[in-house]
Structures are given as structure tokens and as C-alpha cells.
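S.K.: Let me begin by handing over the structure; questions about it come next.
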Amino acid sequence: MVPHLITALNGPINELEQRILESMPAIERWFRLEWMEHTPPFYSSVDVRNAGFKLAPVDTNLYPGGWNNLTDQMLPLAVQAAMAAIEKICPEAKNLLLIPEKHTRNSFYLSNVQRLTQIFNQAGLNVRLGTLDETITKPTTLTLPDGGSLTLEPLVRTPRRLGLKDFDPCTILLNNDLSGGIPAVLENLHEQYLLPPLHAGWAVRRKSNHFQSYEEVAKKFAKLLGMDPWLINPMYSQCGQVNFADGTGLECVQSNAEALLAKVRRKYKEYGINEKPFVVVKADAGTYGMGIMTVRDPKDLEDLNRRTRNKMSVIKEGQEVSEVIIQEGVPTYERMNDAVAEPVVYMLDRYVVGGFYRVHAERGIDENLNAPGAAFVPLAFAEASHMPRPGEKPGVSAPNRFYMYGVIGRLAMLAASYELEATDPDAEIYE
């Protein structure tokens, strides 16, 4: 069940796979040294696109909400990684407070919370769920599609700590990306570990900062392998002060799109790629595949119809879009049963614990697949995805391809670690 690459342009990727496999000891050592200097995000997921001529991350999520899409075979790995992560933070921990998203009626999302609870239970923690939803004033049980249930409880805040009635956790794990802002109840917790930190939430975080950090990581990694960083790095630019509803600031988006398309064209020419380049304009903050559009010609931005303007002007929790990132579009040439597919890599601490394919039968190779109608296929990563098989011909071995995806996922995770350090409001400044 491995999606197949359907492009004649897979020469560079096969070459990249070969190079990555041959350099495996050097790559693993390089990561090890980086993790001695930097702290990985507690957990993360990365959307990867394989164009055959380029393999790059297009989005990094620090509050992954698809743990239910991982297969049972991946669980032992996730539990082990969770143990390692908790040991580093609070070795004596026995209680973990998990705070999910507010939209608790989505059964797929609830199954994800159930799976996270299971992982941390098996890692040796009592897990209970606290909700930011102020309408829930007493323990409330929700039934899940598989017959299981989850109990959401109201949060109890004391001057210095956060917990539930008769439950005092050492660690608080957010599975809520704070798109709607930072709730007061989470601020000034100096005695407990809050993971990820508040500045990892979309109230503060920006994709442009992430891809700036990723560019730095990609250059270092490319130097190690002696290759062009462009092969693994999507170019980008950023515009602030944009209002899609009334059309102001769109000339900034247009001129940046034009400049970026020209850069991509030059790269395509250099590599002999006869494709029409495109860019993706997306909200600089936020998730769920909202506020995203594909632009093939900058002139298209001159006369956006009302539907597109509306779609681009608000994201999750009704937040208005005022900043956008313009990113080089990386087409995906992976197909599963004729439907376009992209791999999503899941990580806990610094370990790849699994992943799945996001598959969308109604979307094109240059479109966002994180949209209603997407299906998730975990089978491809069902074998231990991080054990490569050296000596196999490039492009034919699934474990090799997944090892390669794991490397790209970890590069994006390392970039997230650089990004969180650079944007930490409490960082000590050494002159």
C-alpha cells in the first residue's frame, strides 16, 4: 500500500535517497549533535511533498491532532518516545493534565485525544482531560465511535498551579493550538511544565519564522551532504498588513508572488524541469488547511471573487487574516489508487514514531490536501518506517523512502526547535 511516484522526474529524488542512505551514519551523528544543543518540540507532525525533483516540508504542526491515524504497530514506539520525553522533563511525574481543543464534538479529533491518553497511560502516567470550554462546569462524558468514552473536566486554577478537582499534575500537555488567543488560565504557571510553551501556539507563532529557521537547517544539512539546499527547501516570502475582505495590501502579495515565481522558474531551468511553477498563499498563522490558495499567475490576485476573498480572510475560530506567507509550491506526484497523496510524519520528542498518507481524490497535485474529503491511510508506514534497507535500488524500497521522509520530518522538527528558541519571550539575552 505504498503510494507510487508517477513522475518521469524522479531522478533527483532517487539520487537524494541514495545520498541520504549512503550518508546515514553521518546524518544520525549530525542530528545527535544538534539535539545536544537544542531541545526538540514535545511533539510535532510535518506535511511532506514529494515532487520527484524536490522533497520538502510544507507545514509543521506543533499540536498534532491525528494520533488516531497511526496504526497499533506504531504504538510501542510512541510509548517509548513518550517515556523518554517525560523522563527529561519531570522524571518523578505521575499525573499528566491533557488539554484538548474546544471543538469536542468532532469524533475523529476525539479519537486522537483517546489515542494520546492511551500513549501516556502506557508511559506510566495518570492522564485526565481538562477543558478550556467554560460552558463545561462539571465532569462530562463523551462517547466515542468505537464505544469508548472520554471525560472532560473543568480546570481548577490556584494562584500558582493548574489542575482539576483532586488532581495536581506536574506536567500539562496542550493539544490545543491556541488559535483564538492565550487563555488567562494558562498564563504565569511557574511551577509546572506547560508543553508546548505558550509561544508555540498560533496566537504568537508565525509560519514565516518557521521557514526562516528551516532555511538555516536545510543549508547546514545540504552542506553535510554536498547538495543544493533547494532540493529540500521551499522558498518563501511574507506580507503583513493584508486584508482580503477589502482588498488592501494585495499588491504586496502580488509582487512577492511574481518575484518568487521568477526564482522558481530559474531553478526549474537549472534542473531542466518542464513544469509550470506555482506558489501557495497561506495565512501566516493557523492550521486546519484554512486560508490557503494556489496561485499560478500573479494576475489572478487582481480579481479575486468574493468566495475566495471570504475563504482567505478568516481562519480557525474566526480569526482574521492580516499576514500571509507566499510559499514555493511543491507538487505531489504520489498517488494511491489514482488519488493524490502526501506523507505526514509524526514525531514525539526527537523520534519519528510513525505517519500516514493524506489522500484526496478530488484535489490536484498542486492543491492543498488538508481539506474536507481527505482520507488517511496509515498502512504505508505500518512496517517499522525508520529501518532503511541499504543496497536496494533507489525508489523501489518503501522503508528507504520512509527513512528519507523521516529525515525531512526531523529537519523540520529541528527548525521548529530553532524557531521556538528565537521567539521565546523569556529567553535570557547574553550581550
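S.K.: Tally up the residues in segment 127-145 that are open to solvent by 60 Å² or more (accessible area, probe 1.4 Å) and not in a strand (DSSP E or B), please.
M.R.: Count: 6.
S.K.: Shifting gears a bit: Please go through segment 178-198 and pick out each residue that is aliphatic (A, V, I, L, M), assigned to a loop (DSSP other than H, G, I, E, B) and surrounded by fewer than 16 Cβ atoms within 10 Å (Cβ to Cβ).
M.R.: Those that are aliphatic (A, V, I, L, M), assigned to a loop (DSSP other than H, G, I, E, B) and surrounded by fewer than 16 Cβ atoms within 10 Å (Cβ to Cβ): Ile182, Leu189.
S.K.: Pull out all pairs, ordered by first then second residue, where Cβ-Cβ is under 7 Å, the residues are six or more apart or on different chains, the first lies in segment 300-323 and is in contact (Cβ under 8 Å) with a residue 12 or more places away in the chain, and the second is open to solvent by 80 Å² or more (accessible area, probe 1.4 Å).
M.R.: Close Cβ pairs satisfying both conditions: Ser313/Glu320; Val314/Glu320; Lys316/Tyr288; Ser322/Gln241.
S.K.: Which residues, taken from segment 144-163, are more than 12 Å from Arg128 (Cα to Cα), under 28 Å from the mean Cα position of the chain (by Cα) and among the hydroxyl-bearing types (Ser, Thr, Tyr)? Lay out the reasoning, then the answer.
M.R.: Initially, segment 144-163 is screened for residues more than 12 Å from Arg128 (Cα to Cα), giving 144-149, 156-162.
Retained after the next criterion (residues that are under 28 Å from the mean Cα position of the chain (by Cα)): 144-146, 148-149, 162.
The answer is Ser149, and nothing else.
S.K.: Another question about this same structure. Kindly establish whether Lys267 is open to solvent by 30 Å² or more (accessible area, probe 1.4 Å), over 30 Å from Ala375 (Cα atoms) and in contact with a helix residue (DSSP H, G or I) (Cβ under 9 Å, 6 or more places away or on another chain). Even if it seems obvious, please write down each step before you answer.
M.R.: On the way: open to solvent by 30 Å² or more (accessible area, probe 1.4 Å): yes; over 30 Å from Ala375 (Cα atoms): yes; in contact with a helix residue (DSSP H, G or I) (Cβ under 9 Å, 6 or more places away or on another chain): yes.
When the stated conditions are applied, Lys267 passes them.
S.K.: With within 26 Å of Lys316 (Cβ to Cβ) and modelled with pLDDT of 95 or more as the only criterion, which of Ala257, Ala203 stands out?
M.R.: The match here is Ala257.
S.K.: Among Leu231, Leu225, Leu194, which is the only one that is out of contact with any Lys or Arg (no Cβ under 8 Å at 6 or more places or on another chain) and aliphatic (A, V, I, L, M)?
M.R.: Answer to the selection: Leu194.
S.K.: With the requirement that a residue be outside any helix (DSSP H, G or I) and surrounded by fewer than 15 Cβ atoms within 10 Å (Cβ to Cβ), what does segment 270-279 give you?
M.R.: Step one: list which residues in segment 270-279 are outside any helix (DSSP H, G or I), which gives 272-279.
Result: Gly272, Asn274, Lys276.
S.K.: Answer yes or no as to whether Ala184 is more than 17 Å from Pro64 (Cβ to Cβ) and touching a Phe, Trp or Tyr at 6+ places or on another chain (Cβ under 9 Å).
M.R.: When the stated conditions are applied, Ala184 does not pass them.
S.K.: Please name all residue pairs, on different chains or six or more residues apart, with Cβ atoms under 6 Å, provided the first residue is in segment 146-163 and is on the phi < 0 side of the Ramachandran plot and of a type in the set (Asp, Glu) and the second residue is at pLDDT 95 or above and not in a strand (DSSP E or B).
M.R.: The qualifying pairs are Glu153/Pro139.
S.K.: While we're looking at this one, here's another question. Please enumerate the residues belonging to segment 199-217 that are open to solvent by 40 Å² or more (accessible area, probe 1.4 Å) and in a helix (DSSP H, G or I).
M.R.: Asn209, Gln212, Glu215, Glu216
S.K.: Sticking with this one: Glu362 is checked against (1) touching a residue at least 12 places away in the same chain (Cβ under 8 Å); (2) within 25 Å of Tyr109 (Cβ to Cβ) and fails just one. What number does that condition carry?
M.R.: All conditions pass for Glu362, except number (1).
S.K.: Suppose the filter is touching a helix residue (DSSP H, G or I) at 6+ places or on another chain (Cβ under 9 Å) and either surrounded by 17 or more Cβ atoms within 10 Å (Cβ to Cβ) or not in a strand (DSSP E or B) (or both); does Glu342 pass it?
M.R.: So Glu342 fails the test.
Per-residue answers, yes or no, for (1) more than 30 Å from Asn233 (Cα to Cα); (2) part of a loop (DSSP other than H, G, I, E, B); (3) open to solvent by 40 Å² or more (accessible area, probe 1.4 Å):
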| site | (1), (2), (3) |
| --- | --- |
| Ile20 | no, no, no |
| Pro25 | no, no, yes |
| Trp35 | no, no, no |
| Thr60 | no, no, no |
| Pro64 | no, yes, no |
| Met74 | no, no, no |
| Ala81 | no, no, no |
| His103 | yes, yes, yes |
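S.K.: When you look at Glu15, is it acidic (Asp, Glu), part of a helix (DSSP H, G or I) and modelled with pLDDT of 95 or more, yes or no?
M.R.: No; evaluated as a whole, the condition is false for this residue.
S.K.: Among Leu55, Leu5, Leu16, which is the only one that is open to solvent by less than 50 Å² (accessible area, probe 1.4 Å) and within 22 Å of the chain's Cα centre (by Cα)?
M.R.: On the way: Leu5 fails: within 22 Å of the chain's Cα centre (by Cα); Leu16 fails: within 22 Å of the chain's Cα centre (by Cα).
Just one listed residue meets the conditions, Leu55.
S.K.: With the requirement that a residue be assigned to a strand (DSSP E or B) and charged (D, E, K, R), what does segment 83-95 give you?
M.R.: None - no residue of segment 83-95 is assigned to a strand (DSSP E or B) and charged (D, E, K, R), so the list stays empty.
S.K.: Let me ask another. Give the residue that is surrounded by the fewest Cβ atoms within 10 Å (Cβ to Cβ), with candidates limited to residues of segment 284-307 that are at pLDDT 80 or above and touching a strand residue (DSSP E or B) at 6+ places or on another chain (Cβ under 7 Å).
M.R.: The residue in question is Thr294.
S.K.: Hey, another quick one. What are the pairs, 6+ residues apart or on separate chains, where a residue within segment 70-95 that is without any contact (Cβ under 8 Å) to a residue 24 or more places away in the chain has its Cβ under 9 Å from a residue that is among the acidic types (Asp, Glu) and surrounded by 15 or more Cβ atoms within 10 Å (Cβ to Cβ)?
M.R.: If the second residue must be among the acidic types (Asp, Glu) and surrounded by 15 or more Cβ atoms within 10 Å (Cβ to Cβ), no pairs are left.
S.K.: Taking the options Met312, Met235, name whichever one is hydrophobic (A, V, I, L, M, F, W, C), open to solvent by 10 Å² or more (accessible area, probe 1.4 Å) and closer than 25 Å to Gly201 by Cα.
M.R.: Among Met312, Met235, only Met235 is hydrophobic (A, V, I, L, M, F, W, C), open to solvent by 10 Å² or more (accessible area, probe 1.4 Å) and closer than 25 Å to Gly201 by Cα.
S.K.: Please go through segment 372-395 and give me each residue that is at pLDDT below 65 and touching a Ser or Thr at 6+ places or on another chain (Cβ under 9 Å), ordered by number.
M.R.: Leu379, Phe381, Ala382
S.K.: Could you check segment 146-167 and list, in sequence order, the residues that are within 20 Å of Val113 (Cα to Cα) and in a loop (DSSP other than H, G, I, E, B)?
M.R.: Across segment 146-167, the qualifying residues are Asp146, Gly147, Gly148, Leu155.
The values are calculated or read from the model by the stated rules, or taken from the named source; none is laboratory data. No experiment lies behind these values; they were computed from the predicted model shown. Counting neighbours? That spans all protein chains shown, and the Cβs are built from the backbone with ideal geometry, glycine included. Just so you know, the surface numbers come from the protein's heavy atoms only, side chains and all, with ligands and any DNA or RNA stripped out. Shrake-Rupley method; radii C 1.70, N 1.55, O 1.52, S 1.80 Å.
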